[in-house]
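Down below is the structure, laid out as structure tokens.
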Amino acid sequence: MTALKRSRIDADIVIVGGGHNALVCAGYLRRAGLSVIVLEARDRVGGACRTEAFHPGYRNSVYAYLLSLLHPRIIRELELGRHGLTILDRPAGSFCPQPDGRMLLVSRDPVRARAEIARFSAKDAARYDAFDAEIVTAARVFRKIALETPPNLGGGLADLITTLRTGGRVAGLDRHHQKVLFDLMTMSIGDYLDRWFDSDPIKGNFGFEGIIGNMVSPYSAGSAYVLLHHVFGEINGKIGAWGHARGGMGAVADALRRSAEIAGVTIRTDARVTEVLVDKGRAVGAVLADGTVIRGQAVVAGINPKLLYLRLIDPGALPSDFVRQMEGYRCRSGTFRMNVALSGLPHFRGLTGRQADREALNGTINIAPSLRYLEDAYDDAKHGGWAKRPVISMCIPTTLDDTLAPAGHHVASLFCQHFHPELADGQDWDAVKDGVADGVLDTVETYAPGFKDLVVGRQVKSPKDLERDLGLVGGDIFHGALHLDQIYSLRPAAGFAHYRGPLPGLYHCGSGAHPGGGVSGLPGLNASREIVRDIRHRRRAA
């Protein structure tokens, strides 16, 4: 444990980690009149929001690659547009090619979506509008809950009031939609979709939403919640829509950094924290790798809770039952990320030269033809390390953003499942990842002949790379699995869902806090509200 050598305060708030949630939290805390220092281990802030040149002339988002969940309140109040963030709305929805050469295009135009679905099942087409309305109704409730501090189990009056308020939101729904909300929180995505649809393509396309960053079978209980988690956002006023940040996701990080620095936040990069200082049972600062001590009235962590509590804090300073909870906190998302530089647009079997078909490439291309395909990918990873036929979600941002590649050329983001972070038989991801990446491209080739001939460069990120690069324990893009026992009042642990840690002066503002992962900024926004409340109360009491 580091000796405390000085008593002066460097800032009111010391934030450990400089991801997007940490920057959101910093921006709001500074606007509340508090001095803030952000300590980031890497050479730039933003965490998973990063754009890099990965091949000469080609740039792309390295990790996170799409926007929808970033809350419009944050965009407006932190003036991210003024600081350079432009969000490009994608006119297309999702495109799901099939092994037999057919394709399903789920357009954002409901009329066209029904017509496309009817090519596979007239009954499914007739049910589509009701399915979509059911999801949207549940998402509206979740949008409100996501902006609130969850009630703590065993808490006091404030927690009781929050519980009643949340219950009131649910009670405001009719009986059918109350059941829908509970079904989406508890059912598997497979069972939920089987209840609605008959055809494999539509179930595979929406089933993918339940396993994004979630290394589970599509028939695992609770996986339907991840679908709900991915539809509560909006882009440029369009609820449920997804888009691209012009210039890649690094533009989100850049806008947040500029917003924070102009407000007066101090940001230090290449400042790796090795210890959170605890004095007389209170978090009072951080120690950097070079021995520098940064002190504050409060310490706010934007990093994975397992990193915070199992690596940066003396376990003797924490309640033993809490340490046990953190040891059991599950982090595993089965994600494998690739970026490829392309000399031209790929041609998928099933797409024609029609303008409407060409526009399909503006959306998401999901290689997820059935729930059985998703199940097989999970089984492969569970027993053999990685899927022989992986689930792949591909986006080609250069169909909308001409800043990322030379004229006439393109870049594609490939988000792939399932890939186990822990390989058996002494294998190491560093040794096998290039061969695994070849298999990913082979899979795309079966749906888009000639695709591999277009590839002029690639960037590969295995689960091990995600942990090593970003501190995503187990390669978990959500800072902890979004399972029933790790969400809402149980995130990151029972009794500590209100953004406060088990030590006075210690807070959570990262994706390991409610409402969880994704580029939403909401954990940072919600945490800032609780921190300001505590500091003002403490100052009044002094």
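Look through I267, I262 and report the one residue that is open to solvent by less than 40 Å² (accessible area, probe 1.4 Å) and within 19 Å of D12 (Cβ to Cβ).
Just one listed residue meets the conditions, I267.
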So which strands (runs of 3 or more DSSP E) are wholly in region 289-378 and hold at least 1 residues that are more than 22 Å from V16 (Cα to Cα) and either at pLDDT below 95 or touching a helix residue (DSSP H, G or I) at 6+ places or on another chain (Cβ under 7 Å) (or both)? 336-342, 364-367
Name the single residue, out of those in region 183-193 being open to solvent by less than 10 Å² (accessible area, probe 1.4 Å) and part of a helix (DSSP H, G or I), that is farthest from I365 (Cα to Cα). L184
Among (1) without any contact (Cβ under 8 Å) to a residue 24 or more places away in the chain; (2) surrounded by 17 or more Cβ atoms within 10 Å (Cβ to Cβ); (3) among the hydrophobic types (A, V, I, L, M, F, W, C), there is one condition V440 misses while meeting the rest; what is its number? (1)
List pairs: first residue in region 317-335 and touching a residue at least 12 places away in the same chain (Cβ under 8 Å) and closer than 16 Å to H508 by Cα, second residue part of a helix (DSSP H, G or I) and open to solvent by 20 Å² or more (accessible area, probe 1.4 Å) anywhere in the structure, Cβ distance under 7 angstrom, at least six positions apart or on different chains. V323/P315; M326/K306; M326/L310; Y329/K306
One residue from A122, A53, A115, A126 being free of Cβ contacts under 8 Å to residues at least 60 places away in the same chain, farther than 30 Å from L371 by Cβ and open to solvent by 50 Å² or more (accessible area, probe 1.4 Å): A53
Let me confirm something: among G480, G471, which residue is open to solvent by 10 Å² or more (accessible area, probe 1.4 Å), under 17 Å from the mean Cα position of the chain (by Cα) and in contact (Cβ under 8 Å) with a residue 60 or more places away in the chain? G471
Hey, could you check region 416-428 for residues that are surrounded by fewer than 24 Cβ atoms within 10 Å (Cβ to Cβ) and of a type in the set (A, V, I, L, M, F, W, C) and say which is modelled with the lowest pLDDT? A424
One residue is enough: does region 194-208 have a residue meeting the conditions in a loop (DSSP other than H, G, I, E, B), touching a Gly at 6+ places or on another chain (Cβ under 8 Å) and either over 24 Å from H71 (Cβ atoms) or open to solvent by 10 Å² or more (accessible area, probe 1.4 Å) (or both)? no
Conditions: (1) free of Cβ contacts under 8 Å to residues at least 60 places away in the same chain; (2) open to solvent by less than 10 Å² (accessible area, probe 1.4 Å); (3) among the aliphatic types (A, V, I, L, M). L404 meets all but one. Number of the miss? (1)
Residues satisfying the stated conditions in region 293-314, i.e. more than 13 Å from V36 (Cα to Cα), more than 23 Å from the chain's Cα centre (by Cα) and open to solvent by less than 40 Å² (accessible area, probe 1.4 Å): V293, L312, I313
Of all residues in region 34-50, how many are surrounded by fewer than 22 Cβ atoms within 10 Å (Cβ to Cβ) and of a type in the set (D, E)? 1
Just to be sure, is L466 assigned to a strand (DSSP E or B), buried (at least 16 other Cβ atoms within 10 Å of the Cβ) and in contact with a Leu (Cβ under 9 Å, 6 or more places away or on another chain)? no
Any residue in region 411-427 that is in a helix (DSSP H, G or I) and out of contact with any Pro (no Cβ under 8 Å at 6 or more places or on another chain)? no
So which pairs qualify, if the first residue must be in region 61-79 and under 16 Å from P523 (Cα atoms) and open to solvent by less than 20 Å² (accessible area, probe 1.4 Å), the second must be in a loop (DSSP other than H, G, I, E, B) and aromatic (F, W, Y), the Cβ gap must be under 6 Å, and the two must be at least 6 apart or on different chains? S68/W242
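The values are calculated or read from the model by the stated rules, or taken from the named source; none is laboratory data. Just so it is clear, the structure is predicted and the values come from calculations on it, not from any experiment. When we count neighbours, we look across all protein chains shown, and the Cβ atoms used for this are built from the backbone with ideal geometry, even at glycine. We work out accessible area using only protein heavy atoms, side chains counted, and drop any ligands, DNA or RNA first. Shrake-Rupley method; radii C 1.70, N 1.55, O 1.52, S 1.80 Å.
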